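Single-structure report; data block below.
The values are calculated or read from the model by the stated rules, or taken from the named source; none is laboratory data. Nothing here was measured: the structure is a model prediction, and the numbers come from that model. So basically every Cβ, Gly included, is an ideal-geometry build from the backbone, and we count neighbours across all protein chains shown. Please note that ligands, DNA and RNA were not included when accessible areas were found on the heavy atoms of the full protein model with its side chains. Shrake-Rupley method; radii C 1.70, N 1.55, O 1.52, S 1.80 Å.
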Amino acid sequence: MDKPLEERELNDSLDEERAQSIVARILARRGTALESTEGQDHSWDAGMLEREARAGTRRIQSQRNDREDISEVEYRQIRLERVVLVGLRTTQSEEEVDTSLRELAALAETAGSQVLDAVVQKRVKPDPATYLGSGKAKELADIVRSVEADTVIVDEELTPSQRRGLEDVIDAKVVDRTALILDIFAQHAKSREGKAQVELAQLEYLLPRLRGWGESMSRQAGGRVAAGAGIGSRGPGETKIELDRRRIRTRMAKLREEIRKMEPARRTQRLSRRRGAVPSVAILGYTNAGKSTLLNQLTDAGVLVEDALFATLDPTVRRTETVDGRAYTLTDTVGFVRNLPTQLVEAFRSTLEEVGEADLLVHVVDAAHPDPVGQVEAVRLVLADIEGASSIPEIIVLNKADLASPEHLALVRTYFPEAVVVSANTGLGIDVLRHRIEEALPRPSLLIDCVIPYSRGDLVHTIHEEGEVEREEYVSEGTRVIARVNERLGAHIKEAGIVLIGVGGDSFAGAGSLEQALSIGAGSLEGTMPDKREGFEGAVPKRMESPKGSLDD
Ligand SMILES: Nc1nc2c(ncn2[C@@H]2O[C@H](COP(=O)(O)OP(=O)(O)OP(=O)(O)O)[C@@H](O)[C@H]2O)c(=O)[nH]1
Ligand SMILES: [Mg+2]
């Protein structure tokens, strides 16, 4: 039963008021991703040059028209400048709409545009023809005209016909959230593989929407055909749109081929790291959480930090070591986002693989964000799809503690009681975090005891690099080392002709067994050890038992 008219109008106007207050908050943009740098001086930091280069490309690349491929021409079309945001409130709470639109504003600004206004409509579901209801769409048209916007960004993925329909009503370009994210990725991609993957994602997005982009693209293709580039490429009776589709498909095939060829190199790199079995830590989290800043804090990596979404698109790996000298790697990864465009999943593959093969996950959370729990959920949703990721130990890091209000921080902590609270900016809590990481790193599984001749100083060095040296002593034959190493290094030492006096696996290393190992070793070395053998004395059983994991059998 319909409600009486007055009541409906009253509700409508209440909704309208609420929508207005959301809009006001978005435009004020307190608490968006882009707030973290307010008052920070970044003019000197490591990312400065890259930031400048990026700012430069935004302007310069839009002038370029000498690129052969259609996609380049195409995505320049959505170079955003003056924009109005559009959101729909269906089943979500006010806060959810609010947070989502703030994120959209941050994304838009990251893409290089200026947000002028926003429109929110409460509706049960999107209008199939124009997304917004017809009245609201007309209102949007007025706003676009009065603020002189050239683009409207919708906070959802539109169907091709919705976009065309809305464009017709407002007479301005309409871009959806997916296209916007793709655009940012295209601007930020640095590696050859990253660029190819993003371009492929854009083409995949574009193909079913081709007609919507309309004449300009057809003109481009037509222009090239007229100029001779397409001679022989145009079959009889083919329309421009078909030609464009065909060119796009050809380009996509070429890109896939390129990517396929690049894959082995990446795999080799990762395998060689894995083979070294240096423990790896993946720093992951929602975009803009502070992952790169944290990597810089932990390792002086000098990677780009930017108050922008998806500042990092290529995983960076840095080697570092624990206080007691164990080497491990830290990898900065691409940030996650809610409703990641499916076309981009492939482009995320290298990040996902890094994460899936890590020994430890450091999950960075922006504690100053209005909805950190939602962000963690979004990240976990992606993680759930990565093979093996769910079984990897995870440390939650609540970052930006300097920015979050004490009350907010306290609230967030109740959700993640085990979390380490840090500020990657000020360095607060970093030592605690480093300690937690070191504790959580897997320990090499094999305990060895051997004397390495002085001629093989390189082996001693490697044991120090990759293993955990428990004791070391110089004896007449060489360096006596008792250390934890991984299986591979253990085998390597044995292959070098060095006798492992003692060797044991994890079970062996249990309760008090190190002492046992030390004493066993001392026993077998009797007579060859110098007299002062602090710590090497004790009971002297003749032979060490070889539990599983031993190299002796
Ligand atoms: N106030 C404050 N700002 C921080 C902190 N950590 C990072 N930031 C800022 O947050 C913004 C994003 O930092 P990044 O390190 O680039 O974040 P990210 O997670 O690598 O982001 P993407 O690579 O874009 O996914 C930058 O402006 C940083 O200066 C912090 O502890 N406190
Ligand atoms: Mg980053």
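Only one of the listed residues (Val152, Val144) is part of a helix (DSSP H, G or I) and open to solvent by less than 20 Å² (accessible area, probe 1.4 Å). That residue is Val144. Checked against (1) modelled with pLDDT under 80; (2) of a type in the set (Ser, Thr, Tyr); (3) within 22 Å of the chain's Cα centre (by Cα), Thr293 meets all criteria but (1). Of all the listed residues (Tyr474, Tyr454), the sole one being farther than 22 Å from Thr322 by Cβ and in contact with a Gly (Cβ under 6 Å, 6 or more places away or on another chain) is Tyr454. Residues in region 511-518: is at least one over 28 Å from Pro279 (Cα atoms), open to solvent by 20 Å² or more (accessible area, probe 1.4 Å), at pLDDT below 85 and not in a loop (DSSP other than H, G, I, E, B)? No.
Of the residues in region 465-490, how many are modelled with pLDDT of 85 or more, within 14 Å of Leu446 (Cα to Cα) and open to solvent by 20 Å² or more (accessible area, probe 1.4 Å)? Counting residues in region 465-490 that are modelled with pLDDT of 85 or more, within 14 Å of Leu446 (Cα to Cα) and open to solvent by 20 Å² or more (accessible area, probe 1.4 Å) gives 3.
Annotation note: of Val317, Val303, Val334, Val323, the sole residue that is modelled with pLDDT under 85 and under 30 Å from Arg471 (Cα atoms) is Val323.
Taking strands (runs of 3 or more DSSP E) as the structural unit, those lying wholly within region 353-458 and holding at least 3 residues that are more than 17 Å from Ser292 (Cβ to Cβ) and at pLDDT below 90 correspond to 446-453.
Listed here are the residues, each with its yes/no results for (1) in contact with a Lys or Arg (Cβ under 7 Å, 6 or more places away or on another chain); (2) basic (Lys, Arg).
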{"position": "Ala105", "(1), (2)": "yes, no"}
{"position": "Ala118", "(1), (2)": "no, no"}
{"position": "Gln121", "(1), (2)": "yes, no"}
{"position": "Asp142", "(1), (2)": "no, no"}
{"position": "Pro160", "(1), (2)": "yes, no"}
{"position": "Val175", "(1), (2)": "no, no"}
{"position": "Arg192", "(1), (2)": "no, yes"}
{"position": "Ala201", "(1), (2)": "no, no"}
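For region 101-121, how many residues are touching a strand residue (DSSP E or B) at 6+ places or on another chain (Cβ under 7 Å), surrounded by 24 or more Cβ atoms within 10 Å (Cβ to Cβ) and assigned to a helix (DSSP H, G or I)? Final tally of qualifying residues: 3. Out of Ala196, Ala179, I need the residue that is touching an Asp or Glu at 6+ places or on another chain (Cβ under 7 Å) and assigned to a helix (DSSP H, G or I). Which one? Of the residues listed, the single one that is touching an Asp or Glu at 6+ places or on another chain (Cβ under 7 Å) and assigned to a helix (DSSP H, G or I) is Ala196.
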